[in-house]
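Trainee: Dropping the structure in here first, questions after.
The values are calculated or read from the model by the stated rules, or taken from the named source; none is laboratory data. Owing to the predicted nature of the structure, the values given are computational and were not obtained by experimental measurement. Positions of Cβ are generated from backbone atoms using ideal geometry, with glycine treated the same way; all protein chains shown enter the neighbour counts. Each accessible area value is taken on the protein alone, full model and side chains, heavy atoms only, with ligands, DNA and RNA left out. Shrake-Rupley method; radii C 1.70, N 1.55, O 1.52, S 1.80 Å.
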Amino acid sequence: MKKFNGFQIKMFMAIIMVLDHIDHIPNLISGDMASIFHIITRCVGVWFAYTAVEGFMYTRSKVKYNIRLATWAGIMFLGNKLIAYLYSSKEIIVYNNIFLTLAIGVLMLNVLYNFKNSTTLVKLVRVILSIAIFVGGIMISEGGIPMIPFMLITYYTRKNTSLRNISYLVFFVILLIFSYTPYETVELTINMMLHNCDWLFITVIPFLYMYNGERGPKNKFTKYFFYVFYPAHLWIIATIAYFVK
């Protein structure tokens, strides 16, 4: 099954990611179609979280990698603020910032990296700091609930595929249980679980088996494609929504 390199899967994820956001354009798609797109795109964020862990492990400078993610998170934050200001008359807002989530996750990994070679006191400090980053990341970042724990699991199980899959499944069950809230009817209960469907992160597993472990072409375009595409597509959608609305 391992037929695709990282860039090929990244391109696919970028395409279906757009589907999750086009409902921001008024009257473009139905509510039912928006729900379907929301469900099938739950693999996107965790795929990029997976590649962020890989990038962390193989980069020459883990600190520079973290700074790059944080820098793009800052760029996205400022761009979102500009969009909100320019389109305030029609209340168009872009709140997404997956760069912040990835930067927080990688920061947590930086704190934990080379943990075994630390002194007891340093280990204690690292544990406390990583817990603070973990909790804070879940609370303040986009998709933090599935993505931050997913990155931690991926990092510690990266050398054991069976343990990785079992850990993903355990996390899936935990999220599924916490997403369950009984409503007046079974249909409404299911609909709400599909609306709050962080547990569907598990759909990323087939893509992990299709991934051949290779990065793909190495050039400026492949390196910075997602950094540019992600904010650009959201800001373009916001601009279209402004004129349509």
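Trainee: Relative to the longest principal Cα axis of the chain, at what angle does helix 144-156 sit, 0 to 90 degrees, rounded to 10?
Mentor: 30 degrees
Trainee: Which value, in debye to the nearest 20, describes the size of the charge dipole of the chain about its Cα centre when Lys and Arg Cβ atoms bear +1, Asp and Glu Cβ atoms bear -1, and nothing else is charged?
Mentor: 1500 debye
Trainee: Which one, 180, 191, 234, projects farthest toward the positive side of the charge dipole computed for the chain from Cβ point charges (K/R +1, D/E -1)?
Mentor: Value: 234.
Trainee: Of 62/159; 10/81; 3/116, which pairs sit farther than 29 Å apart, going by alpha carbon to alpha carbon?
Mentor: Details: 62/159 19 Å; 10/81 27 Å; 3/116 36 Å.
The pairs that break the limit, which is 29 Å between Cα atoms, are 3/116.
Trainee: Whole angstrom only: what separates the Cα centroid of segment 78-129 from the Cα centroid of segment 212-243?
Mentor: Answer, in whole Å: 19.
Trainee: Seen from all sides and averaged, what is the projected area of the convex hull of the Cα atoms in the chain, in nm²?
Mentor: Averaging across all directions leaves 15.3 nm² for the Cα convex hull.
Trainee: Which shape class, rounded, prolate or oblate, goes with segment 21-117 when its Cα gyration tensor gives a ≥ b ≥ c as root eigenvalues, a/c under 1.5 marks rounded, and past that a/b bigger than b/c marks prolate?
Mentor: The shape class here is oblate.
Trainee: Taking the chain as the reference, fit the longest principal axis to its C-alpha atoms, fit the long axis of helix 62-86 to the helix C-alpha atoms, and give the angle between the two in degrees, 0 to 90, nearest 10.
Mentor: 20 degrees
Trainee: Same structure again: With each pseudo-label sitting 7 Å past Cα toward Cβ, what's the residue 88-residue 124 distance in nm, one decimal?
Mentor: 4.9 nm
Trainee: Quote the FRET efficiency, to the nearest 0.05, computed for residue 40 versus residue 117 with a Förster distance R0 of 51 Å and r equal to the Cβ-Cβ distance.
Mentor: That gives a FRET efficiency of 0.75.
Trainee: With a 1.4 Å probe and all protein chains left in place, how much accessible area per residue does segment 98-245 have, in Å²?
Mentor: In whole numbers, segment 98-245 has 57 Å² accessible per residue.
Trainee: Rounding to the nearest 10 and keeping the result within 0 to 90°, find how far the Cα-based axis of helix 42-58 lies from the longest principal axis of the chain.
Mentor: In the chain, helix 42-58 runs at an angle near 30 degrees to the longest axis.
Trainee: Please get the size of the charge dipole for segment 108-236, origin at its Cα centre, with Cβ charges of +1 on Lys and Arg and -1 on Asp and Glu, quoted in debye to the nearest 20.
Mentor: Here segment 108-236 has a charge dipole of around 960 debye.
Trainee: First select every other residue whose beta carbon is under 15 angstrom from the beta carbon of residue 5; then total the charges, Lys and Arg +1, Asp and Glu -1.
Mentor: For residues surrounding residue 5, the net value is +4.
Trainee: Would you mind classifying segment 116-176 by shape? Square roots of the alpha carbon gyration tensor eigenvalues, ordered a ≥ b ≥ c; an a/c under 1.5 is rounded, otherwise it is prolate if a/b is larger than b/c and oblate if not.
Mentor: oblate
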